[in-house]
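Let me begin by presenting the structure, written as structure tokens, before commenting on it.
The values are calculated or read from the model by the stated rules, or taken from the named source; none is laboratory data. Values in this document were obtained by computation on a predicted structure and should not be read as measured data. FYI the Cβ positions are ideal-geometry reconstructions off the backbone, even for glycines, and counts take in every protein chain you see. Please note that ligands, DNA and RNA were not included when accessible areas were found on the heavy atoms of the full protein model with its side chains. Shrake-Rupley method; radii C 1.70, N 1.55, O 1.52, S 1.80 Å.
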Amino acid sequence: MEVVILPGGRPIAVLAADAIEALLKNKPDAVLGLATGSSPLPVYEELEQRHRRGLDFSRVRAFTLDEYVGLPPGHPGSYREVIRREFTGRVNISPENVHGPDGQAADVPAACRAFEEAIRAAGGVDLQLLGLGTDGHIGFNEPGSSLASRTRIKTLVEQTRRDNARFFSNLAEVPHHVITQGLGTILEARHVILLATGAQKAQAVRDLVEGPVAAICPASVLQLHPHVTVLLDEAAASSLRLADYYRHSYDSKPRWQGL
Ligand code: GLP
């Protein structure tokens, strides 16, 4: 796991966008794993600017991590809608190349299996962007999630509903159920870039990077992945015991290595 501590959200966005741009240069039909929440928004803005300067997404395939169960089509809080509004609709990714879990499926287990199959059929995710919940969740894998889990229905922790209520008109409107890629699904992405900013994420970041691998902090499962990059601002990194070592490693790393 590589931990990179940066002065703020903007340099984080630039570095993440650099990794995506480098991937697309090598593989124009790359498969991107897209996250929602506030953390990836500066990355999407940076990619939109690069698209205006010529970065081409026309052959990109994209998979989202998760979705609320039961929101009507087009609901502004649904992740399908969020990802279209914030990113894929602003660059030239074809709508038919954007896939997400079906939060309206009558047969949820069948929809989850079909989603996993679609990821496999696309050749797997090349680069997965992740945010981090204040309780250590990734996607919507709440504490207690099986570290081997696949795409399935989950019940949200109340704190997560409160954290996400700002995207709805009130707390009561936030669904209790979601469909999320499992931790086992996320681990199959070839490169994972997790973004976290702000002091409210410091404890979850510490548990993810330096805690034991344990279902109480689902993100800690990323310690088992061979290629994870954790991009943090100073506040999110403020509880890390080895922060100076991470800074030194990144500052002295050979530039040809990239992320
Ligand atoms: C939601 C999403 C997660 C995201 C998390 C953190 O719960 N399901 O994928 O990482 O929010 O969001 P934010 O980046 O807004 O703090």
Original post:
If you go through region 93-118 one residue at a time, how many are surrounded by fewer than 21 Cβ atoms within 10 Å (Cβ to Cβ) and assigned to a helix (DSSP H, G or I)?
Top reply: 12
Subject >> Cβ pairs under 8 Å, 6+ apart, first in region 195-207 and closer than 12 Å to residue 232 by Cα and of a type in the set (Ser, Thr, Tyr), second more than 8 Å from the ligand (Cβ to nearest atom) and not in a loop (DSSP other than H, G, I, E, B) >> reply: 197/9; 197/12; 197/232; 197/233
Original post:
residue 240 versus (1) of a type in the set (A, V, I, L, M); (2) open to solvent by 70 Å² or more (accessible area, probe 1.4 Å); (3) farther than 30 Å from residue 77 by Cα: which is the lone unmet condition?
Top reply: (2)
Original post:
Of 147, 132, which residue is open to solvent by less than 40 Å² (accessible area, probe 1.4 Å) and not in a helix (DSSP H, G or I)?
Top reply: 132
**OP:** Could you give me the residue pairs with C-beta distances under 7 Å whose first residue belongs to region 217-242 and is over 13 Å from residue 197 (Cα atoms), whose second residue is basic (Lys, Arg) and assigned to a loop (DSSP other than H, G, I, E, B) wherever it lies, and which are 6+ apart or on separate chains?
**Re:** 227/190
Original post:
Of the residues 156, 187, which single one is in contact with a His (Cβ under 7 Å, 6 or more places away or on another chain) and near the ligand (Cβ under 10 Å from one of its atoms)?
Top reply: 156
**OP:** Return only the number of the condition from (1) open to solvent by 60 Å² or more (accessible area, probe 1.4 Å); (2) assigned to a loop (DSSP other than H, G, I, E, B); (3) within 16 Å of the ligand (Cβ to nearest atom) that residue 59 does not satisfy.
**Re:** (3)
**OP:** Could you list all residues from region 190-210 that are away from the ligand (no atom under 11 Å from the Cβ) and closer than 17 Å to residue 2 by Cβ?
**Re:** 190, 191, 192, 193, 205, 206, 208, 209, 210
Original post:
If you check every pair at least six apart or on different chains, which have Cβ atoms under 6 Å apart with a residue in region 60-80 that is closer than 22 Å to residue 120 by Cα first and a residue that is surrounded by fewer than 20 Cβ atoms within 10 Å (Cβ to Cβ) second?
Top reply: 61/97; 61/122; 63/99
**OP:** Considering each of 37, 8 in turn, give the residue that is under 27 Å from residue 112 (Cβ atoms) and at pLDDT below 95.
**Re:** 37
Subject >> Selected residue [at pLDDT 95 or above, within 29 Å of residue 45 (Cβ to Cβ) and either within 11 Å of the ligand (Cβ to nearest atom) or not charged (D, E, K, R) (or both)] from 161, 90 >> reply: 161
